[in-house]
1. Per-residue HN-Hα couplings for region 105-115, Karplus 6.51 cos²θ - 1.76 cosθ + 1.60 at θ = phi - 60°, whole Hz, x for Gly and Pro?
2. Taking only the alpha-carbon positions of the chain and ignoring solvent, what does the Debye formula give for the base-10 log of I(q)/I(0) at q = 0.06, 0.07, 0.08, 0.11 Å⁻¹?
3. For region 245-257, what does the Karplus curve 6.51 cos²θ - 1.76 cosθ + 1.60, with θ = phi - 60°, yield as ³J(HN,Hα) per residue in whole Hz, taken in order and with x for Gly and Pro?
4. Contact order normalised by length for region 56-344, with contacts defined as Cα pairs under 8 Å and 6 or more residues apart; what percent is it?
5. How far, in nm, would the chain grow between R22 and A308 when pulled straight, counting 0.36 nm per residue and subtracting the alpha carbon separation?
6. Can you sort V82, V242, V76 from fewest to most other Cβ atoms within 10 Å of each residue's own Cβ?
7. Counting Lys +1, Arg +1, Asp -1, Glu -1, what net charge surrounds L56 among other residues with beta carbon under 12 Å of its beta carbon?
8. Rank the residues F75, F212 as a footprinting-exposure proxy: fewest other Cβ atoms within 10 Å of their Cβ go first.
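Please treat every number below as a calculation from the coordinates, not as lab data. The model shown is predicted, which means the values in this text are computed figures rather than measured ones. Positions of Cβ are generated from backbone atoms using ideal geometry, with glycine treated the same way; all protein chains shown enter the neighbour counts.
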Amino acid sequence: MTEAPTGGGCVAARHVAIAPDRWLACRELVWDRGGRIVALRRATGRVADVAVLPGLVDAHAHLQIEPLSRAERAFVPWVGAVMTARAAISPARERAALRAGLAQLLAGGATAVGDIDATGAATAALAAAAVRSRAYRELTGFHLDAPAARALVRERLVRARGALAPGLSPHAPYSVSPALFRAAAARARWLAIHCAELPEEQEFLRRGTGPFRALLERLGRLPAGFRAPGVGAVRWLERLGVLRPGTQLVHCQELERGDAARVAAAGASIAVCPGAIAWFRREAPDVVGWRARGIPVALGTDSRAGNADGLSMRAALAKAAALWPSLAPAELLAMATTDAAASIGLPGAGRLAVGGRADFIVVDAAVDAAATLRGFVQGELPLRTVVCAGRTRRFAPGR
Ligand SMILES: [Zn+2]
């Protein structure tokens, strides 16, 4: 790979994946100072024994959340520990956490991210970063009525800036009031919602009992006269009008009968985080069945507080390959590129095209394209370089 001192450059590779299932042999990729791909042509000179793939897309991350000082594997105490750590963090420390998070994201091969921002600091950092992003400002408030919900949404809405596109994340059905869901849906097309993550969430929605009720009571956020919706999370979101195209449901560990059909019919997408599945020792959800129904399923990393691999999409992909071995390597790569880009609404991300951004990764090539694809999704081929908006961000022989 050669780079001009003024920016722009060229790489001639044995294999170039312009999309997860479209691999070209012996191609030269040229980009300009503005970080745009200007040519993708048959190589005429020597090609390196490497493969170029689109930069990965992390469909669900919390860049600002740091690892906890003590690993917690039970979910409700984990939420408490994250909330305590968040309350204690200084603005300077949060900025440092975001820098570390962005560096880790790039080092793991991702050049685009759907980020959940609880404080506004991540949105500011992403607006100044080269990484493409959908910045979902987080909304919580199980106690909020319609005027309060509309005021919160107004305060949290951001405009597109640089490589940042805006979105909202009404956190979860156990932490967001019906009025807040409706207010978010009225003002933002792109929503990310933690959904059906736990049996206790479904219990709370169906019967109004369990640890989430206790948590809301402790926080003073359970409205007087609260009555449970009496249905599971997906049906509740459907009833509230937020199950629709542009909505990303995160986790979906506990879908009920008929839920996958509802999600598919609504045109919503699902994000799964293999690192979080491992962290909380959960079972693999039915990603194969969801994909068969046509639901876009995207991979994410979640947060460093609940993922031993941190914000590495490479690691997320390798874990996904182990969790869903019946998926073809190109399908797995799609979950980390094109499907993830569709899930967070970043057109052009996760693929390579003339005129598009020069966001790509370079790995060692295996004997042929199929072996390279297989080796890459299984985490076997070393990541050599990450190029984001035309700038080389990392060069290392290791993973
Ligand atoms: Zn999350």
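1. Rounded to whole hertz, the list is 4, 5, 4, x, x, 8, 10, 8, 8, x, 10.
2. Results for the chain at q = 0.06, 0.07, 0.08, 0.11 Å⁻¹ read -0.23, -0.31, -0.40, -0.75.
3. For region 245-257, the Karplus curve yields x, x, 9, 9, 9, 9, 5, 6, 5, 10, 4, 9, 3 Hz.
4. The value is 21 percent.
5. Working it through step by step, the gained length comes to 99.8 nm.
6. Lowest to highest Cβ neighbour count: V76, V82, V242.
7. Net charge around L56: 0.
8. Result, fewest neighbours first: F75, F212.
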